[in-house]
Amino acid sequence: MKEKLKKGVIGFIILAALIVVPYTIANASARYYVLYLLDVWSVDSGKHLDWNGNTNYMSNWNTGVQTWNNYKSGVIRKDGAFTINDVTISDVNSLTANTVALTNQTYRNPGKSISATVQFSKTEMDKLSTVKKNIACSHEIGHLLGLDENKNDGTNLIMFNIIAYNTSNNVLHNIDKFHYDYMYNNKY
């Protein structure tokens with residue numbers, strides 16, 4: 001009788017472990033999929049982000065464009081004769097203290113912006129290394145794509161809330177890609 005009881009208890013423990021362990025793993029991984037998104041984006045209904053303008057940091061801007069386009073080819077492109085401008089880039093002497101760049105998107109309701117600008121602070125951008133300038137441009141493009149600041153998932157994100165702490169190269173992290181995929185598949 002004791003042997004049957006012992007086997008029954010062991011069986012119950014194994015069964016409980018099979019149920020509880022997958023549940024725990026699912027809960028542990030759920031944090032990875034928290035969305036950090038804006039209520040506005042500058043991607044048009046054709047799933048393109050057409051930009052125009054000029055900046056002292058064009059090579060950095062182009063690197064930022066390429067960073068995102070390497071993941072989803074052709075979404076971000078220079079405005080042409082047959083496209084409607086979605087965002088204008090420019091330089092200003094300075095913005096508020098320690099602000100490297102500022103993205104403004106005007107909208108009436110959540111969704112596609114009516115107009116958008118990205119302004120780069122010459123005072124602050126000139127202090128940054130080439131890698132940090134690339135990250136700053138990629139970060140601002142992320143806002144145009146509808147991604148918000150992310151302060152919870154690590155400093156190696158393009159969309160980490162303080163660009164100066166981003167110590168990685170200008171590479172999209174899986175979390176950046178997850179947010180972009182969500183916007184591309186559900187919002188644009």
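The values are calculated or read from the model by the stated rules, or taken from the named source; none is laboratory data. Nothing here was measured: the structure is a model prediction, and the numbers come from that model. Every residue, glycine as well, gets a Cβ built from its backbone with ideal geometry; the counts of neighbours run over all protein chains shown.
Results, tabulated for the structure shown:
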| read-out | value |
| --- | --- |
| Only listed residue being surrounded by fewer than 19 Cβ atoms within 10 Å (Cβ to Cβ), of a type in the set (G, A, S) and out of contact with any Gly (no Cβ under 9 Å at 6 or more places or on another chain), chosen from S121, S94 | S94 |
| Search result, residues across the stretch 71-91 that are among the aliphatic types (A, V, I, L, M) and surrounded by fewer than 16 Cβ atoms within 10 Å (Cβ to Cβ) | A81, I84 |
| Check on Y182, aromatic (F, W, Y) and either assigned to a loop (DSSP other than H, G, I, E, B) or on the phi > 0 side of the Ramachandran plot (or both) | no |
| Residues located in the stretch 52-70, provided they are farther than 25 Å from E124 by Cα and surrounded by 14 or more Cβ atoms within 10 Å (Cβ to Cβ) | N69 |
| Which numbered condition V65 misses (of (1) farther than 23 Å from F178 by Cβ; (2) β-branched (V, I, T); (3) modelled with pLDDT of 95 or more) | (1) |
| Residues that are modelled with pLDDT under 95 and of a type in the set (S, T, Y), drawn from the stretch 68-94 | T83, S94 |
| Of all residues making up the stretch 155-174, the number that are crowded, with 21+ Cβ neighbours inside 10 Å and among the polar types (S, T, N, Q) | 2 |
| Some residue of the stretch 136-154 being under 23 Å from K47 (Cα atoms), free of Cβ contacts under 8 Å to residues at least 40 places away in the same chain, among the aliphatic types (A, V, I, L, M) and surrounded by 13 or more Cβ atoms within 10 Å (Cβ to Cβ) | no |
| I141 within 15 Å of T67 (Cα to Cα), in a loop (DSSP other than H, G, I, E, B), touching a helix residue (DSSP H, G or I) at 6+ places or on another chain (Cβ under 7 Å) and in the same structural domain as Y57 (by TED's automatic domain parsing) | no |
| Test: K187 is surrounded by fewer than 19 Cβ atoms within 10 Å (Cβ to Cβ), among the basic types (K, R) and under 18 Å from L49 (Cα atoms) | yes |
| Residues that are surrounded by 14 or more Cβ atoms within 10 Å (Cβ to Cβ) and either acidic (D, E) or not in a loop (DSSP other than H, G, I, E, B) (or both), drawn from the stretch 37-51 | L37, V40, W41, D44, L49, D50, W51 |
